[in-house]
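No value in this document is a laboratory result; all are computed from the given coordinates. Since this is a predicted model, take the numbers as computed values, not measurements. Here the Cβ is made from the backbone with ideal geometry for all residues, glycine too, and neighbour counts use every protein chain on show.
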Amino acid sequence: MTMAAVSRQWLAVLAGAGILACARGTQAKSDSSSDIPRLHKQGTTTRLVVDGKPFVILGGELHNSSASSLAYLEPIWPRMVALNLNTVLAVVSWELLEPEEGKFDFALVDGLLEGARKHHLRLVLLWFGSWKNGVSSYVPGWVKRDVARLARMQPRAAENAEVLTPLSDANCRADAQAFAALMRHLKEVDGTRRTVLMVQVENEVGLLGASRDHCPLAEAAFAKEVPTELMSYFQERRDSLIPEFEKYWEATGYKTTGTWTEVFGEGADEAFMAWHMARYLGRVTAAGKAEYPLPMYANAWLVQNEGQKAGQYPSGGPVSKVLDVWRAAAPEIDFLAPDIYLPDFKAVCASYTRSGNPLFIPESSAGPERAFYAIGQHEAIGFCPFAIDSLPADHPLKDSYQVLAELMPVIIENQGAGRMRGLLRYKEDSEQVDLAGYRLEVSYRSEGKTSSYGLVIATGPDEFLVAGSGVGIHFSARTPGPRHTRILSVDEGRFKEGRWVPGRRMNGDEDAGGWHLQLPGGPPTIQRIKLYRHD
Ligand code: DGJ
């Protein structure tokens, strides 16, 4: 077959997989002015669509207190631009939004929008309402003081913690009203400009210090039967439930009715807390979406090690083992998102792509390798290191985001079709990856503290784009045909305004004499490899 014929065949494959259609659809959609940010399923992936086009968040989350002062933020905005972010995650707190009950102050929100727009940045707002990191420190003073009306959790009976209970209808209504006011205002001031892309509802919720709330409302609910909605969800998905939690149900003989303890045994406290936390957040989310239906998610403080019990991490929070409980309780919440400070980034990402959950990382340590991996391997909606305002303007994230931004049209074109992989060294120095009919023998080569990472995209027949740092890849074809796979050419290059501009031809020492592609260590680079086969 001639190269032209092969290319035609590849185009037909793309069209069959809906990829060209998607690119055209994207173009058509971008003309629509009524499109607010939304999630859209594309093949195997879920994408954020902004102004009618797929959008991947190359973000960063500000420190908790930064967005409480517009003057403090002033010098931060240009640093976000210098780091090549496209989106900033910033807090909107209940205490500053509704300092007096029923009286709202939107000055900070408006200032945030103005600052972001001036710097051509988008925002994800973090609603610090009833809970932030397992406590209620961001509720307004009038909520803090009114313990009689707005009930608290009791880790031990008759002992109020400084934390709202999710069992109280009054608590939920008060939070939902404030959140609805925020979303109503956002629709008014941002419904056309669409600076705000998504909203995080609360922050790292759950109960610390005990596995279950023992306040009177909680005690009464815990004695009741498990809600039928939860039981139906579990019964319908019995073959695909998350095993780390399913084991508790299995141990009680998959009981379909009964109290929390009868049905979930040792997992009862956490299931109960997860259900009530999720119901509460679901109601707050629904109230907000009724005003302005942006995508909304909840984030998780993760289980730190296998030995930890619920309560040592926030019990009832959306940790990966209870994703099914959360999804059953709160379908209004679009997805659940991990805050990843743990070293095994790959494992956490994998655990949050189960039960149909798309991956978004609102908080992480700042390794640039994590961005490449999440976007390459899991087609993440976005990646956002925490404390972004503490990073120096020349942090390695800057180069990573630059390269990812250049690659973005190719990344987007190839999403949802199984043609991308993320590469990241963790413990092992090598791994095998199968992609587009090829086996990739990946060797991680960086030394010392730097990481080896990258992403690889099958861009055509016998052609791949590879980007990253400190990675070697030997390719061998796995499909029927000539036995030997060889390198036709390797070019280093960059994308300028969406166009591939080749740089060095990588030959000799730079591709190990035609044996493998090798990305040097240091700042990430891009190479395009073409292969051929012979007997
Ligand atoms: C996780 C929280 O969600 C953030 O708001 C912040 O407090 C960080 N921890 C601090 O490391």
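Just to confirm my numbers, what's the Cα centroid distance between the stretch 361-416 and the stretch 226-268 in Å?
37 Å
Note the count of lysine pairs whose C-alpha atoms are less than 25 angstrom apart in the stretch 74-199, limited to pairs 8 or more residues apart or on different chains.
Lysine pairs meeting both conditions in the stretch 74-199 amount to 6.
Would you work out the charge dipole size for the stretch 270-353 about its Cα centre, treating the Cβ of every Lys and Arg as +1 and the Cβ of every Asp and Glu as -1, and quote it to the nearest 20 debye?
So the magnitude is around 120 debye.
What number do you get for the chain when its Cα radius of gyration is normalised by 2.2 N^0.38 Å, N = residues?
Dividing the Cα Rg of the chain by 2.2 N^0.38 Å gives 1.03.
Once you order the gyration tensor axes a ≥ b ≥ c over the Cα atoms, which shape class does the stretch 339-385 get: rounded for a/c under 1.5, otherwise prolate or oblate by comparing a/b with b/c?
Cα axes put the stretch 339-385 in the prolate bin.
Would you kindly derive the ³J(HN,Hα) couplings of the stretch 380-396 from the backbone phi angles with the Karplus curve 6.51 cos²θ - 1.76 cosθ + 1.60 (θ = phi - 60°), listing them in order in whole Hz, with x for Gly and Pro?
These are the phi-based 3J(HN,Hα) values: 4, 5, x, 9, 9, x, 7, 6, 4, 6, 9, 6, x, 5, 9, 4, x Hz.
Give me the percent relative contact order of the stretch 407-460, please, defined on Cα pairs under 8 angstrom at least 6 residues apart.
After rounding, I find 41 percent.
Using unit Cβ charges (K, R positive; D, E negative) and no other charged atoms, how large, in debye to the nearest 20, is the dipole of the chain about its Cα centre?
1360 debye
How would the stretch 392-503 be classified by its alpha-carbon gyration tensor: rounded, prolate or oblate, with rounded meaning a/c under 1.5 and the a/b versus b/c comparison settling the rest?
oblate
Is it possible to state the helix-based mean residue ellipticity at 222 nm for the chain, with each DSSP H run of 4+ residues giving -39500 (n - 2.57), the sum divided by total residues, to the nearest 500 deg cm²/dmol? What is it?
-10000 deg cm²/dmol
If you add up the charges near residue 204, with Lys and Arg at +1 and Asp and Glu at -1, over every other residue whose beta carbon is less than 15 angstrom from its beta carbon, what do you get?
Neighbour charge sum, excluding residue 204 itself: -3.
What is the Cα centroid distance between the stretch 65-117 and the stretch 272-293, reported in whole angstrom?
Here the answer is 24 Å between Cα centres.
What is the ratio of the Cα radius of gyration of the stretch 316-442 to 2.2 N^0.38 Å, with N the residue count, to two decimals?
In units of the 2.2 N^0.38 Å rule of thumb, it is 1.12.
Tell me, what ³J(HN,Hα) does each residue in the stretch 428-434 have, in order and in whole Hz, if you take phi through Karplus 6.51 cos²θ - 1.76 cosθ + 1.60 with θ = phi - 60° and put x for Gly and Pro?
With coefficients 6.51, -1.76 and 1.60, one gets 7, 8, 8, 7, 9, 10, 9 Hz.
Report the normalised scattering of the stretch 280-330 as log10 I(q)/I(0) at q = 0.25, 0.28, 0.32 Å⁻¹, calculated by the Debye formula with identical scatterers on the alpha carbons.
Listed by q, the Debye log ratios stand at -0.96, -1.09, -1.25.
Select from 383, 393, 403 the residue farthest towards the positive end of the dipole of the stretch 320-464; place +1 on Cβ of Lys and Arg, -1 on Cβ of Asp and Glu, and compute about the Cα centre.
It is 383, whose Cα lies furthest towards the positive end.
Among rounded, prolate and oblate, which fits the stretch 251-335 when a ≥ b ≥ c are the square roots of the eigenvalues of its C-alpha gyration tensor, a/c under 1.5 means rounded, and a/b larger than b/c means prolate?
oblate
Using Cα-Cα distances under 8 Å and only pairs 6 or more residues apart, what relative contact order does the stretch 109-197 have, in percent?
32 percent
Return the FRET efficiency for the residue pair residue 223, residue 499: r is the Cβ-Cβ distance, R0 is 51 Å, and the value is rounded to the nearest 0.05.
0.15
Can you give me the long-range amide H partners of residue 258? Hydrogens built in the peptide plane at 1.01 Å from N, cutoff under 5 Å, separation of 5 or more residues or another chain.
226
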